[in-house]
Amino acid sequence: MANLLALEPEVRSRVEQMIAAVRGAGWYVTVTSGYRSVEEQERLYYGPHILPVAVPGCSTHNYGLAVDLVTDYPDQAGLAKAFGLIWAGRVDPVHYDVVGWSRWRSLIHDFVEGC
């Protein structure tokens, strides 16, 4: 399981509660990615990938605000919302964060070139 320790404390708490609730209800869930360094983001971005990968320095993962997890829970959007998270949807079905893609993009593009 990916390391959740480097997530922002509030994000970590929400994710841990969500995981506990999913498992407690008998559904499968595993974390595949939490915080990512810019170097790790570069490896993902420039390597082969199936799911979307943000430009290094532009990902909510780089700031401890996101987690990728795999679950068979049937209502991922509702699940995320119940714990104050936003599910990225079918375009990136493993991604959950606290900002949401469009809001994050509008916030980060002024601070990091190329976002």
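Each value in this text was obtained by applying a stated rule to the coordinates, not by laboratory testing. Model, not experiment: these values are computed from the prediction. Cβ: placed from backbone, ideal geometry, glycine included. Neighbour counts: every protein chain shown.
Things to note:
- Segment 9-108 - Rg over Rh from alpha carbon coordinates, Kirkwood radius: 0.95
- Calculated FRET efficiency for the pair residue 5/residue 91, C-beta based, R₀ 22 Å, to 0.05: 0.20
- Vicinal HN-Hα couplings computed from phi for segment 19-36 (Karplus, 6.51 cos²θ - 1.76 cosθ + 1.60; Hz; Gly/Pro x): 4, 4, 5, 5, 5, x, 8, x, 9, 7, 7, 9, 8, 9, 7, x, 4, 10
- Only Cα pairs under 8 Å and 6+ residues apart enter the sum, and on that basis the relative contact order of segment 71-115 stands at 22 percent.
- Trypsin sites (Lys or Arg not before Pro) restricted to segment 69-115 and DSSP loop, no more than 13 other C-beta within 10 Å: 90
- Residues of segment 85-99 with amide N under 14 Å of a point placed 7 Å along Cα→Cβ from residue 50: 91-95
- Extension gain, residue 81 back to residue 113 (0.36 nm per residue minus Cα-Cα distance, nm): 8.5 nm
- Ordering 28, 96, 63 from the fewest to the most neighbouring beta carbons within 10 Å gives 28, 63, 96.
- Order of 68, 75, 92, 97 - criterion: other Cβ atoms within 10 Å of each residue's Cβ, fewest first: 75, 92, 68, 97
- Percentage relative contact order, the chain, counting C-alpha pairs under 8 Å, at least six apart: 26
- For residue 33, the residues 5 or more places off, or on other chains, whose built amide H falls under 5 Å of its own are 2, 68.
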